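> First, the structure itself, so that you have it in front of you.
The values are calculated or read from the model by the stated rules, or taken from the named source; none is laboratory data. Just so we're clear, the structure is a prediction, and the values are computed from it rather than from any experiment. Here the Cβ positions follow ideal geometry from the backbone for every residue, glycine too, while neighbour counts run over all protein chains shown. Just so you know, the surface numbers come from the protein's heavy atoms only, side chains and all, with ligands and any DNA or RNA stripped out. Shrake-Rupley method; radii C 1.70, N 1.55, O 1.52, S 1.80 Å.
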Amino acid sequence: MVIELTASKSKLIYKPALPDDPARRQPDIALARQKLDWQPQVKLREGLQKTIQWFRSIDIGQYRAPTPNY
């Protein structure tokens, strides 16, 4: 979907999973719903479009790499 929304010419490269990589990720937001009374309000496509738009709007020259955490 990101490739489609950005009109990128990038290609997906499929590689074997690492031995300890989960076969299927299933994020669970139940705790956020319970403790914070939170639930998603933005559809995936819309959120990606907004994120892509934001990244296109920033001046990357104004940012510096984060300080290493080691």
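> Suppose every K and R has +1 on its Cβ and every D and E has -1 on its Cβ; what is the size of the dipole of the chain about the Cα centre, in Debye to the nearest 20?
Charge dipole of the chain: 180 debye, to the nearest 20.
> Once the dipole of the chain is set up with Lys and Arg at +1 and Asp and Glu at -1 on Cβ about the Cα centre, which of GLY47, ILE3, ASN69 lies farthest towards its positive end?
Value: ILE3.
> Taking a ≥ b ≥ c as the square roots of the eigenvalues of the Cα gyration tensor of the chain, is the shape rounded (a/c under 1.5), prolate (a/b larger than b/c) or oblate?
Rounded shape, in that the Cα axes give a/c under 1.5.
> For the chain, what is the accessible area per residue in Å², given a 1.4 Å probe and the full set of protein chains?
Here the residues of the chain average 107 Å² of exposed surface.
> What is the spin-label model distance, in nm, from ARG64 to SER10 if the labels are put 7 Å beyond Cα along the C-beta direction?
Here the modelled spin labels are 2.7 nm apart.
> Follow-up question, since we're still on this one. Counting only protein heavy atoms and using a 1.4 Å probe, what share of the accessible area of the chain belongs to carbon plus sulfur, as a whole percent?
Carbon with sulfur: 55 percent of the solvent-accessible area.
> By the scheme Lys and Arg +1, Asp and Glu -1, what is the net charge of all other residues having a beta-carbon under 13 Å from that of THR51?
So the environment of THR51 carries a net charge of +3.
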